[in-house]
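Bear in mind that the values in this text are calculations on the coordinates, not laboratory data. For clarity, every value in this text was computed on a predicted model and none was experimentally measured. Here the Cβ positions follow ideal geometry from the backbone for every residue, glycine too, while neighbour counts run over all protein chains shown.
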């Protein structure tokens with residue numbers, strides 16, 4: 001049996017689920033622009049365990065969304081995951097944020113699935129998958145222009161999903177482009193992915209694991 005706690009904090013959605021053998025048995029999440037992860041994450045963990053009558057000692061592993069995404073959000077999720085792994089002496093599993101997002105569109109009739117997270121200005125974090133979630137292109141931080149993703153749009157139907165979809169919709173004028181704006185990373189999609197990694201023993205080094213920020217953290221001064 002694999003009882004895994006999945007934590008997703010890479011974006012505005014603070015999401016926690018408890019999964020048994022890859023099936024979600026409890027989930028708590030709240031998507032708010034205020035990034036309330038620090039206040040809600042441990043509350044959600046306690047609620048998921050309480051609802052299912054499990055204790056932390058029953059957990060077989062902790063899975064965390066590794067990014068890319070919000071610097072602060074990723075730090076909160078990874079810190080919580082590593083703390084639990086140290087305290088309980090259980091493995092740490094990392095899940096690529098964009099891959100779990102892509103799984104939300106894996107049932108669509110698409111040739112390619114491209115999750116896109118809003119970054120700065122006209123930049124997005126993106127990766128390319130086929131509809132079986134096989135990676136076609138690595139994760140990049142890129143500035144979008146009219147030629148972006150042209151090679152995939154020429155070949156067939158492409159689903160763009162996530163917070164960056166609205167940013168690129170008016171730029172990518174192509175009949176093969178479909179957009180799903182409301183998609184956010186969720187721990188729900190992490191359940192199967194983390195179970196697969198648990199079965200194959202794909203664990204992180206708890207002491208040295210760091211989130212995948214993709215870009216350096218930048219501090220900007222408030223105007224005025």
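For helix 187-200, report the angle its Cα long axis makes with the longest principal axis of the Cα atoms of the chain; keep it between 0 and 90° and round to the nearest 10°. Value to nearest ten degrees: 70. Take each peptide in 118-125, 31-38, 146-153, count the other Cβ atoms within 10 Å of every residue, and average; sorted highest first, the result is 118-125, 146-153, 31-38. Per residue, the chain reaches -8500 deg cm²/dmol at 222 nm when only DSSP H runs of four or more residues are counted, each adding -39500 (n - 2.57). Look at the alpha carbon pairs under 8 Å that are at least 6 residues apart: their mean separation over the length of the chain gives a relative contact order of 23 percent. Whole-percent P(r), segment 42-147, all Cα pairs, 5 Å bins from 0: 2, 11, 16, 17, 16, 13, 12, 7, 3, 1, 0.
Helix 71-88 axis versus longest C-alpha principal axis of the chain: approximately 30°, rounded to the nearest ten. Across the alpha-carbon set of segment 43-82, the Rg to Rh ratio works out to 1.04, Rh being the Kirkwood radius. When both bridge partners sit in segment 98-180, DSSP labels roughly 55% of those beta bridges antiparallel. Annotation for segment 138-185 versus segment 82-123: alpha-carbon center distance of 17 Å.
Could you tell me which of rounded, prolate or oblate describes segment 98-180, using a ≥ b ≥ c as the square roots of the eigenvalues of the alpha-carbon gyration tensor, with rounded for a/c under 1.5 and, failing that, prolate when a/b is larger than b/c and oblate otherwise? Note, shape of segment 98-180 comes out oblate.
With contacts taken as Cα pairs under 8 Å and at least 6 residues apart, segment 98-180 reaches a relative contact order of 31 percent.
Taking the Cα atoms only, what angle lies between the long axis of helix 37-52 and the longest principal axis of the chain, rounded to 10 degrees? Result, in degrees: 60.
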